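Enquirer: Take this structure first; my questions come after.
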Amino acid sequence: GNGLIITAVACDHRLHTPMYFFLLNLSLLDLGSISTTVPKSMANSLRDTRAISYSGCAAQVFLLFFLLGGEYCLLTVMAYDRYVAICRPLHYGTLMGTRACVKMTAAAWGSSFLYSVLHTANTFSIPLCQGNTVDQFFCEVPQILKLSCSDSYLREVGLLVVSGCLIFGCFIFIVLSYVQIFTAVLRIPSEQGRHKAFSMCLPHLAVVSLFVTTDVFAYLKPPSLSSPAVDLVVTILYSVVPPAVNPLIYSMRNKELKDAL
């Protein structure tokens, strides 16, 4: 599904607009994030093993933080794109020109890369002395921290708190953007105009909701709910479901994308 969206946007000149440029990047991130965990897990299942090398584990942590962080940054940029398109349509060509779109996308990828390097370096600098078994189908940071036996894991916890603050900041930006968008949409006199504006925003809003709710539940669920089975289901919810479902959400009611395909 992500591959089809990438191909359609790249090959059809009618889709060479800011909205579809961001969608192409989102599909690239989705494709990358699901490819980081699922193929290795499937290969291990077929070979009846649960082994992964130390470098492979570090690569999984790095790529997941890079791709999921990039996705969240990009969803914030896409909220701004929707805001400009609906609330400031006369300035859209100026504010969302080719150079501006490339800069915003590069900033999303670049900031997630730095964030990922910081997390990976910090996580794997912690001495691990409580075995080498990660109770998950991929290398997840909370599971790796359980293997630590020193107080240095507090640095990683501190980093996760900072990450939470940044994520909350992006979330507030998205919410404020949509408050202004819906206020502007409700002022549109024609029902057709309102319907078009809503159909432009709802897929993005659905993707943001799915991404945020699964992540929040994964990392903020009470310890009483924690068990190997529940942890596995929750991890699949935030690492596998959004990248797999996003193409469906974006293509179901998108006539331009269907025509391109």
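The values are calculated or read from the model by the stated rules, or taken from the named source; none is laboratory data. What you see is a predicted model; the values in this text were computed from it and never measured. Positions of Cβ are generated from backbone atoms using ideal geometry, with glycine treated the same way; all protein chains shown enter the neighbour counts. Calculation scope for accessible area: heavy atoms of the full protein, side chains included, ligands and nucleic acids excluded. Shrake-Rupley method; radii C 1.70, N 1.55, O 1.52, S 1.80 Å.
Enquirer: Give the cysteines in the chain for which no other Cys Cβ lies under 4.7 Å away, or write none if there are none.
Expert: CYS11, CYS73, CYS87, CYS101, CYS165, CYS170, CYS201
Enquirer: Probe 1.4 Å, all protein chains in place: accessible area of HIS13 in Å², nearest 10?
Expert: Spelled out: HIS13, probe radius 1.4 Å, area about 140 Å².
Enquirer: Grab the DSSP H runs of the chain that are 4 residues or longer, score each as -39,500 (n - 2.57), total them, divide by all residues and round the 222 nm result to the nearest 500 deg cm²/dmol.
Expert: Theoretical 222 nm ellipticity from helices: -26500 deg cm²/dmol.
Enquirer: Please give the length that would be gained between LEU220 and GLN180 if that part of the chain were fully extended, namely 0.36 nm times their separation in residues minus their C-alpha to C-alpha distance (nm, one decimal).
Expert: Extra length from LEU220 to GLN180 when fully extended: 11.5 nm.
Enquirer: Could you tell me which residue out of LEU220, VAL208, ILE249 lies farthest along the dipole of the stretch 198-261 toward its positive end? Charges go on the beta carbon: Lys and Arg +1, Asp and Glu -1, centred on the Cα centre.
Expert: Among LEU220, VAL208, ILE249, the one farthest towards the positive end of the dipole of the stretch 198-261 is ILE249.
Enquirer: Could you please put MET78, MET200 in sequence from largest to smallest accessible area, using a 1.4 Å probe?
Expert: The most accessible residue leads, giving MET200, MET78.
Enquirer: Here's another thing I want to ask about it. Using unit Cβ charges (K, R positive; D, E negative) and no other charged atoms, how large, in debye to the nearest 20, is the dipole of the stretch 46-186 about its Cα centre?
Expert: That gives a dipole near 380 debye.
Enquirer: If you roll a 1.4 Å probe over the heavy atoms of the protein chains, what accessible area per residue do you get for the chain, in Å²?
Expert: Accessible surface, normalised per residue, equals 53 Å².
Enquirer: Follow-up question, since we're still on this one. Mean-square fluctuation check for the chain, GNM, Cα pairs under 10 Å: which of CYS139, CYS101, CYS11 is largest?
Expert: Ranking CYS139, CYS101, CYS11 by mean-square fluctuation puts CYS11 first.
Enquirer: What size of dipole, in debye to the nearest 20, comes out for the stretch 164-253 about its Cα centre when the only charges are +1 on Lys and Arg C-beta atoms and -1 on Asp and Glu C-beta atoms?
Expert: Once rounded to the nearest 20, the dipole reads 320 debye.
Enquirer: Helix 191-220 versus the longest principal axis of the chain: what angle, 0 to 90°, nearest 10, using Cα atoms?
Expert: In the chain, helix 191-220 runs at an angle near 10 degrees to the longest axis.
Enquirer: What accessible area, in Å² to the nearest ten, does a 1.4 Å probe give for THR98?
Expert: Answer for THR98: close to 120 Å² accessible.
Enquirer: Dipole magnitude of the chain about its Cα centre, charges +1 at Lys/Arg Cβ and -1 at Asp/Glu Cβ only, in debye to the nearest 20?
Expert: Around 620 debye, computed over the chain.
Enquirer: Specify the angular offset, from 0 to 90 degrees and rounded to the nearest 10, of the alpha carbon long axis of helix 153-186 from the longest principal axis of the alpha carbons in the chain.
Expert: That helix lies at roughly 20 degrees to the long axis.
Enquirer: A further question on this structure: Name the residue from ALA10, THR133, TYR72 whose Cα lies farthest towards the positive end of the charge dipole of the stretch 1-152, charges +1 on Cβ of Lys and Arg and -1 on Cβ of Asp and Glu.
Expert: My answer, from the dipole projection, is ALA10.
Enquirer: Can you tell me the length gained on complete extension of the stretch VAL161 to ALA43, counting 0.36 nm per residue apart and subtracting the Cα distance?
Expert: Using 0.36 nm per residue and subtracting the Cα-Cα distance, I get 39.1 nm.
Enquirer: So what is log10(I(q)/I(0)) for the stretch 147-261 at q = 0.17, 0.18, 0.24 1/Å, when the Debye sum runs over its Cα atoms only?
Expert: Log10 I(q)/I(0), no solvent term: -1.02, -1.09, -1.35.
Enquirer: Report, by chain and number, residues whose modeled amide H sits under 5 Å from the one on ARG88, excluding near sequence neighbours (fewer than 5 apart, same chain).
Expert: Hits under the 5 Å cutoff: none.
Enquirer: For the pair THR17/LEU114, report the inter-label distance in nm, with labels modelled 7 Å from Cα in the Cβ direction.
Expert: Modelled inter-label distance: 3.3 nm.
Enquirer: Heavy atoms only, 1.4 Å probe, whole protein assembly: order PHE66, PHE182 by accessible area, highest first.
Expert: PHE182, PHE66
Enquirer: Please list PHE62, PHE217 in order of solvent-accessible area, largest first, computed with a 1.4 Å probe with all protein chains present.
Expert: Descending order: PHE217, PHE62.
Enquirer: Now, a different point. Which one, (1) 1.03; (2) 1.14; (3) 1.10, gives Cα Rg over 2.2 N^0.38 Å as derived from the coordinates shown?
Expert: (3)
Enquirer: On the accessible surface of the chain, probed at 1.4 Å, how many percent belong to carbon and sulfur atoms?
Expert: 69
Enquirer: Where does helix 241-252 land angle-wise versus the long Cα axis of the chain, in degrees 0 to 90, nearest 10?
Expert: Its long axis makes an angle of about 10 degrees.
Enquirer: Dipole of the chain (Lys/Arg Cβ +1, Asp/Glu Cβ -1, origin at the Cα centre): which of ILE144, THR36, ALA260 lies farthest to the positive side?
Expert: ALA260
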